[in-house]
1. Given 228, 184, 192, 238, which one is open to solvent by less than 80 Å² (accessible area, probe 1.4 Å) and either of a type outside the set (Gly, Ala, Ser) or without any contact (Cβ under 8 Å) to a residue 40 or more places away in the chain (or both)?
2. Would it be correct to say that residue 123 is out of contact with any helix residue (DSSP H, G or I) (no Cβ under 6 Å at 6 or more places or on another chain), among the acidic types (Asp, Glu), outside any loop (DSSP other than H, G, I, E, B) and over 21 Å from residue 15 (Cα atoms)?
3. Looking only at region 139-157, decide whether some residue is crowded, with 20+ Cβ neighbours inside 10 Å, in contact with a strand residue (DSSP E or B) (Cβ under 6 Å, 6 or more places away or on another chain) and under 11 Å from residue 108 (Cβ atoms).
4. If I ask for residues that are assigned to a loop (DSSP other than H, G, I, E, B) and under 16 Å from the mean Cα position of the chain (by Cα), which ones from region 21-55 would you list?
5. How many residues are closer than 23 Å to residue 154 by Cβ and part of a loop (DSSP other than H, G, I, E, B) if we restrict to region 205-252?
6. Pick from 112, 99, 130: which is open to solvent by less than 60 Å² (accessible area, probe 1.4 Å) and part of a helix (DSSP H, G or I)?
7. Quickly run through region 114-160 and pick out the residues that are on the phi > 0 side of the Ramachandran plot and under 17 Å from the mean Cα position of the chain (by Cα).
Amino acid sequence: MGFSIPLFTASGGLLYHARAVRYRAQLWAPYRAALATWLEPRLPPGEELILVGPSAGHCLPVEQLSRFRRIFVLEPDPVARWILASRLGNAARESSATLHIERQDQLLRPLLTGGGGLDAVLDRHPHASLLFCNLLGQLLCDLSDDDEARFKAAFQARILPRLNGRTWASIHDRWSLDRDAAEPVPLSLSFPSCPSDQELGVAYFGPSGTPVTALDHAVSGLFPETWPRSYFSWQITPQALHVIEAVSGPAP
């Protein structure tokens with residue numbers, strides 16, 4: 001089984017960075033601000049922070065995250081690493097934080113094929129805070145049904161137990177769909193447990209709204225359904241909307 005880093009995809013690689021240059025300052029600003037507000041109490045500054053798949057950090061509050069003393073970045077995309085090292089590195093120097101970058105895939109290959117990966121990283125840093133940076137929905141969306149089932153089983157067996165007692169959060173795509181920026185949707189929503197597709201759709205688009213077709217990013221089942229969820233609208237282009245799911249623990 002082979003794995004490669006795509007340089008030209010709509011959701012990552014060079015096209016994603018080009019979108020960030022064009023839209024980050026204005027179109028993405030409401031999502032970026034809402035995410036920073038949500039993350040602040042859930043990842044309070046501490047000794048160590050592990051960022052899993054942050055890409056270039058275009059939507060992350062890097063100044064806020066740089067208040068950790070040591071930051072470990074797990075990012076296999078070389079272009080994203082270069083951009084992130086500049087943005088996060090500058091913020092880290094301002095706060096005297098140290099930045100450590102791991103270039104090898106520590107999540108997808110280890111969970112699908114065995115061997116040490118993120119679980120080993122977490123064991124080496126038992127008190128580190130952890131953030132999955134809008135990665136899980138992208139990974140799962142590209143997997144075959146068999147690989148998706150294997151990834152989820154391994155994630156539940158090897159990663160979830162290591163979140164116990166740790167400050168952590170995950171943001172990940174739940175849906176992506178065609179949606180004109182002129183059509184209003186809530187910026188953020190919260191639920192006491194994971195909502196069904198029907199419940200989430202009604203909350204976003206109303207009970208009598210025009211039916212929409214969304215790409216499901218297959219994140220259902222990664223985290224227990226009883227855990228609270230938050231959702232954010234990310235208008236990634238003027239014609240495309242991502243619905244971002246957020247989960248965290250322990251509860252702030």
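1. Working: 228 fails: open to solvent by less than 80 Å² (accessible area, probe 1.4 Å); 184 fails: open to solvent by less than 80 Å² (accessible area, probe 1.4 Å); 192 fails: open to solvent by less than 80 Å² (accessible area, probe 1.4 Å).
Testing whether each residue is open to solvent by less than 80 Å² (accessible area, probe 1.4 Å) and either of a type outside the set (Gly, Ala, Ser) or without any contact (Cβ under 8 Å) to a residue 40 or more places away in the chain (or both) leaves just 238.
2. Working: out of contact with any helix residue (DSSP H, G or I) (no Cβ under 6 Å at 6 or more places or on another chain): yes; among the acidic types (Asp, Glu): yes; outside any loop (DSSP other than H, G, I, E, B): yes; over 21 Å from residue 15 (Cα atoms): yes.
Yes; evaluated as a whole, the condition is true for this residue.
3. No, there is no match, as no residue in region 139-157 is crowded, with 20+ Cβ neighbours inside 10 Å, in contact with a strand residue (DSSP E or B) (Cβ under 6 Å, 6 or more places away or on another chain) and under 11 Å from residue 108 (Cβ atoms).
4. Looking only at region 21-55, we keep the residues that are assigned to a loop (DSSP other than H, G, I, E, B), and these are 24-28, 43-47, 53-55.
Result: 28, 43, 53, 54, 55.
5. Within region 205-252, the subset closer than 23 Å to residue 154 by Cβ is 216-227, 229, 245-249.
Okay, now just the ones that are also part of a loop (DSSP other than H, G, I, E, B), so 217-227.
Qualifying residue count for the region: 11.
6. On the way: 99 fails: part of a helix (DSSP H, G or I); 130 fails: part of a helix (DSSP H, G or I).
Being open to solvent by less than 60 Å² (accessible area, probe 1.4 Å) and part of a helix (DSSP H, G or I) holds for just one of 112, 99, 130, which is 112.
7. 134
The values are calculated or read from the model by the stated rules, or taken from the named source; none is laboratory data. For clarity, every value in this text was computed on a predicted model and none was experimentally measured. Positions of Cβ are backbone-derived with ideal geometry, glycine not excepted, and every protein chain shown enters the neighbour counts. Note: areas computed on protein heavy atoms with side chains; ligands, DNA, RNA excluded. Shrake-Rupley method; radii C 1.70, N 1.55, O 1.52, S 1.80 Å.
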